[in-house]
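Read-outs throughout are calculated quantities, based only on the coordinates presented, and are distinct from any laboratory measurement. Source: prediction; values computed, not measured. With ideal geometry, Cβ positions are generated from the backbone for all residues, glycine too; neighbour counts draw on all protein chains shown.
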Amino acid sequence: MIRRLGILGGTFDPIHHAHLVAAEEARCQLALDHVLFVPARDPPHKPQRPISAAGHRLRMLELAIAGKPYFSISRVDLDRPGPSYTVEALSLLREEWGPEPAFYFIEGSDSLAEILTWYQPQRILELTNLAVVQRPGETVDLAPLQARLPGLASRLVWVQMLLLEISSTDLRARVRDGRPISYLLPPAVEAYIVEQGLYRG
């Protein structure tokens, strides 16, 4: 029985250890029964950047979470047309999972700071709790957000996480420049990137 479901969305181009640590910390700190990784097909906040084919990003996710029965992947964003709006993915997941499980959408505090720019943010709060990863030294001014989004405070839970300065942008640049990416992402994902010749420009 899944009573508390974590949902981690993203481009995952590529997935790396900071993604996985955030998911694991949220799972443990919030007593989540399961965490879904939801790769975006067409992220509206990255219109200018070419994104690796969905098949590659999906396969890297599969390799990264292999052997973790409490992690799985949802294709809810990959299998539908149009921009990958979080609110629409959450609506479809609610239809799929029914009314019983409490949703916890896992995001960084930087994303929380920008939530007013998201599509239908008030509806997002109706569909899910926000499990916000708080990293050392980061702060978010909640007052203006709560003024615009009534009920935000009651839907917000914090997840503490070590400061891991790993980003997909940096990993792509490292591959392009011939610099190492070992120990920054799972070995199977690194091997796949090399095998497929990803991110070489």
Region 10-21 residues that are among the hydroxyl-bearing types (Ser, Thr, Tyr), paired with ones that are in a helix (DSSP H, G or I) (beta carbon under 9 Å, 6 or more apart): THR11/ARG57; THR11/SER168
If you check LEU130 against the conditions, is it buried (at least 19 other Cβ atoms within 10 Å of the Cβ) and not aromatic (Phe, Trp, Tyr)? yes
Being of a type in the set (Ser, Thr, Tyr), farther than 15 Å from LEU8 by Cα and surrounded by 11 or more Cβ atoms within 10 Å (Cβ to Cβ) narrows it down to one residue among TYR192, TYR183; which is it? TYR192
Does LEU58 satisfy the criteria of being among the aliphatic types (A, V, I, L, M), without any contact (Cβ under 8 Å) to a residue 60 or more places away in the chain and farther than 27 Å from GLU165 by Cα? no
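Assess whether ARG75 counts as being surrounded by fewer than 19 Cβ atoms within 10 Å (Cβ to Cβ) and either outside any helix (DSSP H, G or I) or touching a strand residue (DSSP E or B) at 6+ places or on another chain (Cβ under 8 Å) (or both). Lay out the reasoning, then the answer.
On the way: surrounded by fewer than 19 Cβ atoms within 10 Å (Cβ to Cβ): yes; either outside any helix (DSSP H, G or I) or touching a strand residue (DSSP E or B) at 6+ places or on another chain (Cβ under 8 Å) (or both): yes.
Answer is yes for this residue.
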Top-ranked residue in region 176-201 [being among the aliphatic types (A, V, I, L, M) and in contact with a Leu (Cβ under 7 Å, 6 or more places away or on another chain); ranked as farthest from ILE115 (Cα to Cα)]: ALA188
Single unsatisfied condition, PRO69 versus (1) over 23 Å from GLN196 (Cβ atoms); (2) touching a helix residue (DSSP H, G or I) at 6+ places or on another chain (Cβ under 9 Å); (3) free of Cβ contacts under 8 Å to residues at least 40 places away in the same chain: (2)
Can you tell me which residue in region 98-123 is farthest from GLN134 (Cα to Cα), limited to those that are among the polar types (S, T, N, Q) and assigned to a helix (DSSP H, G or I)? GLN122
What do you reckon, is GLU95 in contact with a Lys or Arg (Cβ under 9 Å, 6 or more places away or on another chain) and assigned to a helix (DSSP H, G or I)? no
